[in-house]
Structures are given as C-alpha cells and as structure tokens.
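First up is the structure itself, then whatever we jot down about it.
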Amino acid sequence: MNTYCNKKIGIIGGGQLGKMMILEAKRLGFYVAVLDPTLNCPASSICDLHIVSDFNDAEGYKKLAKHVDVITYEFEHINATILEELEQKGHKIYPSVKTLKKIQNKYVQKSELKAVGLPVPRFEKVSNEKDIENWIKDNELKYPLMLKTTTSGYDGKGNAVINSAKDIEVAYKKLGSGKTELMLEEFVLLDKEVSIIICTTINGDREIYPVAENTHVNSILDTTITPARITEAVNEEILSIIDKVMQVFESVGTFCIELFIAKNGEVYVNEVAPRPHNSGHYTIEVCFANQFENHIRAIVGLPLGCTKQTKPAVMVNLLGESDGTAKLIGLEEAYKDKNVHVHYYGKAISKIDRKMAHYTVVADTIDEAIKGAEKLKKILRVVGNV
Ligand SMILES: Nc1ncnc2c1ncn2[C@@H]1O[C@H](COP(=O)(O)OP(=O)(O)O)[C@@H](O)[C@H]1O
Ligand SMILES: [Mg+2]
C-alpha cells in the first residue's frame, strides 16, 4: 500500500455528508473512523470504526484522534473547544479550528465578512424585543426582517421572519426568548439564491466548481439547478467575492459560500459552510471529481481533481413526509428515466422535513433536466410508517 492509502481519516458526524465522504475515501482505499451518537447513522455501515459518542464528549473526540491521522467534519455544530485542544497537541484538523470558530457563530462570521468590505445584508446583535424595535426604528428598516440565532441554526431552524411589528414577539419566542444569542437581519428581496463550492489543498492549490442556483422551500434547500442561469458579469462578480471570502476563512478543505442575488442586481454573501454542501451534490454525477472526493484529496495532501461540469443537472432533496420508520416509495418508477440518480441516506427514522435522500437528473439541456426533476417530485417520496 502507498502512503496515501495508509492514512487514516476521522469524520465527525455520520449523516449523509459523512457517508458520501466515506464512499469517496473508500474508492482510494482509506481507513475511515466516524464519531456520531446515533448507532445506525447513515455512515455506520460503511465506516471502519464507529465511535458512538455525543458531539460534546471529549473522550469520544480523543478516541477518534488516537485512531486517525487527520480529522474533518460534516457539519459545523460540533465542539470547537475540544477540537482546539487536540489541534494544539498536534492533531491535524481540516478545516482549521480557527476557521471553524469564526464560522460557527453567524454574527462573528458576518462581522468578519463585513470588516473586509464584503457585501452582506445589514445585521445587528439583539438581546430582547426592545432591541429589535429600536434597531428597526433607528435604521428606518422596512419589513420583512429576518431574526436568526447566531449559533446552531441549520435548514432554517434558527430563523424567524418578522413581517410586521406584531410578529416581533412571536419570532422572539420561537427562537428561545433570548436564551440563544440572536441577530436581526435586513431581508433581501431575492431574484435568486446561488452557491459555490471551493476546495483548497494543504499546498494552497484551489479548485472552484460552477455556480449553482438554489430554490428553498420553508428555508430548506429544495432544488439545485446547475449551471446557474446567471450572466457572465454576475458570475465574474461572484468569483471576485469568493476570492475575498476565502482570504477571511483561509483553510484546507471544501467550503460552500451561499449568496443572494437581489432583485436590484446586488450580490450579497449569506453564509459560509466549512464543508461539502447539499447544493454541491450535483457534482457527484456531472463533475470530473466531485466535492467529496476533492475534500478527501485536500485533507490528505493529494492534488485536486478537475471541477469542470460535463452536463447540466438538477438536484432535488427528498424530505421526510411523515414521522415513523423510513420507507422510500417510487424507486422502480423513477428509474424508468435512465438519467435519474437516487441517493438514499439510510436513516432509520423519517421525520417531517428531515433530509432523507436526494436525486439528480442529468440531461443535455437545463430545461430538460428541470422537466425530469419536476416529474419525479410526485413519484419519489420518503414516508414514515408507524
Ligand atoms: N437576510 C435574508 N434575506 C432573505 N432571505 C433570507 C435571509 N436570511 C436567510 N434567508 C432565507 O433563509 C434560508 C436559510 O437561512 P440561512 O441563514 O442560510 O440559515 P441556515 O443555516 O438554516 O441555512 C436562506 O437560504 C434564504 O432562503
Ligand atoms: Mg444557509
């Protein structure tokens, strides 16, 4: 075996992103250990070692570090303090804990972006309902506004829209009445949401994937259309923005930058994820080296593969429709279209709005891919049997 395949990789989080990282790591013969509290998490059946441990238990992290040469993670809501201690002891963690800490808190993250002059929606930290009212008044802001928890938010779970003064109390209560730190954000009237995946190696080499166009339903990613239907000028603007973003969050590994294109044409940075991203799943079918493969290559010190896209593609998330033992419906019917690729994560339990699977439709034109993807929405479903 060569030195690369002798390397052992540790992944914090054994959900769908961890699982897809392992599928790529295994293609190159790497040993992979996973830390995840759920016994039958999606990654458990394909990893070499599953450390069943809470994301805040130092012992679990230490055990993982002992078993592997390099640690990465599939999501950012993990214990950075424990990881920092391990990093200081010489364990390799990518992306770095310094970058992880900046990104974990959305207020810190946005402040870092703002400080270097990057375009972000106006935002402010708020502690109570009076703060919210004052900030709106002082800045003559118009409704709607977006209230967000600064930490632990994902799939819109830390967000609440404020449509009028009477929503302030409801939104404040929904997000824990100040128990979790909050920030208020100007609401961007969106033309489009887009995202872009970037991967950087230990040597500083970088590859960038095409811009993807995203549609959200209830703040959860629903569909990704690639390549994004944007002008060359907007594409150039995004590339110059992401270059600056990556100077702020300089680190090894895969990152995703979510951006807003406003109705007035302005481009804003929404947020940055220090990991492969749901909007980059299309790269599995239509990019020479996908986001998971390049992430693995980056963290073990290998050169990156080509990120060029071969064909248009549309990715659709399948969320749980009901609670109970998970069941995928419509696979045989879906596969009648030979351009359909289904990824079922293997979560035992379906919950309403839980990400259970995704599919990607590949076609010669974007319109054909959109049509194929739309048709499948009624056919492929995940339900919970009680
Ligand atoms: N300031 C904003 N203006 C308009 N829409 C927003 C704003 N902030 C968030 N959203 C919407 O909510 C979605 C989820 O918000 P985001 O901040 O990305 O949180 P999460 O961590 O849950 O992904 C975004 O993709 C977007 O559709
Ligand atoms: Mg987001």
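Of the candidates ARG297, ARG354, ARG275, the single residue that is modelled with pLDDT of 95 or more and over 22 Å from GLU258 (Cα atoms) is ARG297. When the range 102-160 is filtered for residues that are away from ligand 1 (no atom under 13 Å from the Cβ) and among the acidic types (Asp, Glu), the ones remaining, listed by number, are GLU112, GLU129, ASP131, GLU133, ASP138, GLU140. Within the range 274-288, residues that are more than 18 Å from THR200 (Cβ to Cβ) reach partners that are in a loop (DSSP other than H, G, I, E, B) and among the hydroxyl-bearing types (Ser, Thr, Tyr) with beta carbons closer than 6 Å, at six or more positions or on different chains, in the pairs VAL286/THR310.
Residues that are more than 16 Å from ligand 2 (Cβ to nearest atom) and more than 30 Å from VAL342 (Cα to Cα): does the range 217-228 have at least one? Taking every residue of the range 217-228 in turn, none turns out to be more than 16 Å from ligand 2 (Cβ to nearest atom) and more than 30 Å from VAL342 (Cα to Cα). Hey, could you check the range 216-264 for residues that are under 21 Å from PRO119 (Cα atoms) and acidic (Asp, Glu) and say which is farthest from the chain's Cα centre (by Cα)? Residue satisfying both the conditions and the ranking: GLU232.
Per-residue answers, yes or no, for (1) buried (at least 16 other Cβ atoms within 10 Å of the Cβ); (2) assigned to a loop (DSSP other than H, G, I, E, B):
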site: SER45; (1), (2): no, yes
site: HIS50; (1), (2): yes, no
site: GLY60; (1), (2): yes, no
site: ALA65; (1), (2): yes, no
site: HIS77; (1), (2): no, yes
site: THR81; (1), (2): no, no
site: PRO95; (1), (2): yes, yes
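The single condition among (1) more than 13 Å from ligand 1 (Cβ to nearest atom); (2) under 29 Å from LYS114 (Cβ atoms) that GLU285 does not meet is (2). Can you give me the number of residues within the range 352-386 that are among the charged types (D, E, K, R) and farther than 24 Å from PRO42 by Cα? The total comes to 7.
Just checking, does the range 262-276 include any residue being more than 16 Å from ligand 1 (Cβ to nearest atom), surrounded by fewer than 20 Cβ atoms within 10 Å (Cβ to Cβ) and among the charged types (D, E, K, R)? The answer is no, given that none of the residues of the range 262-276 is more than 16 Å from ligand 1 (Cβ to nearest atom), surrounded by fewer than 20 Cβ atoms within 10 Å (Cβ to Cβ) and among the charged types (D, E, K, R). Would you call ARG275 assigned to a loop (DSSP other than H, G, I, E, B) and in contact with a Ser or Thr (Cβ under 8 Å, 6 or more places away or on another chain)? Yes; evaluated as a whole, the condition is true for this residue. Of all residues in the range 347-386, those satisfying the criterion of being assigned to a loop (DSSP other than H, G, I, E, B) and under 21 Å from the mean Cα position of the chain (by Cα) are LYS347, LYS351, ILE352, ASP353, ARG354. Residues considered: GLU169, GLU213, GLU186. Of these, the only one that is under 25 Å from THR231 (Cβ atoms), over 21 Å from the mean Cα position of the chain (by Cα), more than 14 Å from ligand 2 (Cβ to nearest atom) and not small (Gly, Ala, Ser) is GLU186. Taking the range 183-238 as the range and being surrounded by 17 or more Cβ atoms within 10 Å (Cβ to Cβ), under 13 Å from LEU259 (Cα atoms) and not hydrophobic (A, V, I, L, M, F, W, C) as the test, the residues that pass are LYS192, GLU193, SER195, GLU213, ASN214, GLU237.
Scanning the range 133-145 turns up no residue that is within 16 Å of ligand 2 (Cβ to nearest atom) and in contact (Cβ under 8 Å) with a residue 12 or more places away in the chain. Restricting the range 300-329 to residues that are assigned to a loop (DSSP other than H, G, I, E, B) and either among the hydroxyl-bearing types (Ser, Thr, Tyr) or outside the structural domain of ILE208 (by TED's automatic domain parsing) (or both) leaves a set whose member that is surrounded by the fewest Cβ atoms within 10 Å (Cβ to Cβ) is THR310. Here the condition is being among the acidic types (Asp, Glu) and more than 18 Å from the chain's Cα centre (by Cα); of GLU76, GLU24, GLU59, it holds for GLU59 alone.
Inspect the range 7-15 for any residue being charged (D, E, K, R), under 16 Å from GLY301 (Cα atoms) and modelled with pLDDT of 95 or more and give the result as yes or no. There is at least one residue in the range 7-15 that is charged (D, E, K, R), under 16 Å from GLY301 (Cα atoms) and modelled with pLDDT of 95 or more.
Condition check ((1) in contact with a Cys (Cβ under 8 Å, 6 or more places away or on another chain); (2) modelled with pLDDT under 95) across all residues:
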{"residue": "LEU23", "(1), (2)": "no, no"}
{"residue": "LEU28", "(1), (2)": "yes, yes"}
{"residue": "ALA33", "(1), (2)": "yes, no"}
{"residue": "ILE51", "(1), (2)": "no, no"}
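Test ASN294 against the stated conditions and say whether it is touching a residue at least 60 places away in the same chain (Cβ under 8 Å), within 16 Å of ligand 2 (Cβ to nearest atom) and not hydroxyl-bearing (Ser, Thr, Tyr). Criteria not met by ASN294.
The values are calculated or read from the model by the stated rules, or taken from the named source; none is laboratory data. Values in this document were obtained by computation on a predicted structure and should not be read as measured data. Note that each Cβ is placed from the backbone with ideal geometry, even for glycine, and that neighbours are counted across all protein chains shown.
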